[in-house]
Amino acid sequence: MTGAATSALSQDEAFARIRLLRSPNIGPVSYAMLLQRFGSAVQALEALPDLGRRGGRQYRATAAETVEREVEAVRKAGAKYLFHDQPDYPALLGQLESAPPILIWRGDLALAARPCVAMVGARNASAAAVKLARDFASGLAEAGFTVVSGLARGIDGAAHEGAFPHTVGVIASGIDIAYPPQHADLQERIASEGLLLAEQPPGTEPRGSHFPSRNRIIAGLAGGTLVVEAAVKSGSLITARLAGEAGREVMAIPGSPLEPRSHGCNHLIREGAVLVQEPGEVVELLSTFAGEPRSTFREPANGFDYTPEDIAAAEPADIAARLTTAPVGIDELIRQSGESAAAVQLALLELEIAGRLQRHAGGRVSVR
């Protein structure tokens, strides 16, 4: 996440940032580009209708009254906002191109500043794996690490319990919604003594699309992700893939080939994840982490770099005709169009605001 740094955010600008992010078709990438292009969220909001028209459709930002209700709900929940360029924003998370521009939090924010390790795994985990996750989390917490997970049943819950109170829970719902319901007490304990993070506004019930977004936060907060037990097709492997794309360590505990819930971990190890069998091995890997992971599960994806000056001076490029529903890399669009990188980026931004563009992992885009 890039954007103009600030040491003291005014109330008007903070309110405008929340409203900007809650407006239709604005995601982390477009949010960052708008801040760079216009210098502030206040000015970006004023420009949105014109950008939408240039993208081919009328545009209306989220109503101020909606944001006022959200701010009141955050206050009522005992939570606070954290903006991407504030000093307490987790440094590793901020390195992601898709880092959430705004987080809502309760608890001890200092936990996210400590060395973090993500622990994920199956919801329907075996009893042995649940105990293993709890023991690993306890050992990692004793070694000075914060354990990050997603408050799901099974491995997630065991990891939180083992590391408590040195744990961060990242949820796919609003900060005031307990999910799953059986973890309501655990979620409240984490919010009171650990750290609870939410990207969605209060009152938001978790949907399927929210969980991959939550997973990127879990992976982004940590120097490495440990998968304890998981099937081949599971959200845990999505988290591991996201960790690998971010250039972080990917670790897995091996299991029996006769146990389907171990196939995901064994697959990760075969593809280059580091095999670990005790907490000390995780500590060793992450204590020496300096940006070059030993795991080779996935190489980090290269994001597109640009400067505010380039964006400000750019004229929109007519590249919509080159896009299809099949994702294509932005660098390929730049080569094919013959336009400047800044012009292509601005055209894509206008198409996205107009609701005609979809962004994908690895800097790829397609039409909706």
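Whenever a residue of region 339-367 is more than 17 Å from Leu51 (Cβ to Cβ) and part of a helix (DSSP H, G or I), its partners that are of a type outside the set (Gly, Ala, Ser) and open to solvent by less than 50 Å² (accessible area, probe 1.4 Å), lying with C-beta atoms within less than 7 angstrom and at least six residues away or across chains, give the pairs Ala341/Tyr306; Ala341/Ile334. Tell me, please, whether a residue that is at pLDDT 95 or above, open to solvent by 30 Å² or more (accessible area, probe 1.4 Å) and under 17 Å from the mean Cα position of the chain (by Cα) can be found in region 32-44. No: region 32-44 contains no residue that is at pLDDT 95 or above, open to solvent by 30 Å² or more (accessible area, probe 1.4 Å) and under 17 Å from the mean Cα position of the chain (by Cα). May I ask you to verify whether Ala63 is among the small types (Gly, Ala, Ser), on the phi < 0 side of the Ramachandran plot and open to solvent by 30 Å² or more (accessible area, probe 1.4 Å)? Yes.
Please list, ordered by residue number, the strands (runs of 3 or more DSSP E) wholly in region 80-184 having 2 or more residues that are open to solvent by 30 Å² or more (accessible area, probe 1.4 Å). So the answer is 80-83, 102-107.
I'd like the full set of residues that are outside any helix (DSSP H, G or I) and either hydroxyl-bearing (Ser, Thr, Tyr) or touching a Leu at 6+ places or on another chain (Cβ under 6 Å) (or both), limited to region 35-67. Break it down into steps so the answer makes sense when it comes.
Going through region 35-67, the residues outside any helix (DSSP H, G or I) turn out to be 39-40, 56-63.
Across region 35-67, the qualifying residues are Ser40, Tyr59, Ala61, Thr62.
Go through region 248-272 and give me each residue that's crowded, with 19+ Cβ neighbours inside 10 Å, outside any helix (DSSP H, G or I) and of a type outside the set (A, V, I, L, M). Selection gives Arg248, Glu249, Gly255.
Confirm whether Ile311 is modelled with pLDDT of 85 or more, under 27 Å from Pro49 (Cα atoms) and buried (at least 19 other Cβ atoms within 10 Å of the Cβ).
Working: modelled with pLDDT of 85 or more: no; under 27 Å from Pro49 (Cα atoms): yes; buried (at least 19 other Cβ atoms within 10 Å of the Cβ): yes.
Here the answer is no, as Ile311 does not meet what is asked.
Answer with yes or no whether Arg153 is of a type outside the set (Gly, Ala, Ser) and without any contact (Cβ under 8 Å) to a residue 40 or more places away in the chain. Step through it out loud before you land on a result.
Working: of a type outside the set (Gly, Ala, Ser): yes; without any contact (Cβ under 8 Å) to a residue 40 or more places away in the chain: yes.
Criteria met by Arg153.
The values are calculated or read from the model by the stated rules, or taken from the named source; none is laboratory data. Just so it is clear, the structure is predicted and the values come from calculations on it, not from any experiment. All Cβ positions, even for glycine, are placed from backbone atoms using ideal geometry, and neighbour counts span all protein chains on display. To get the accessible areas, we keep the full protein, side chains included, count just its heavy atoms, and leave off ligands, DNA and RNA. Shrake-Rupley method; radii C 1.70, N 1.55, O 1.52, S 1.80 Å.
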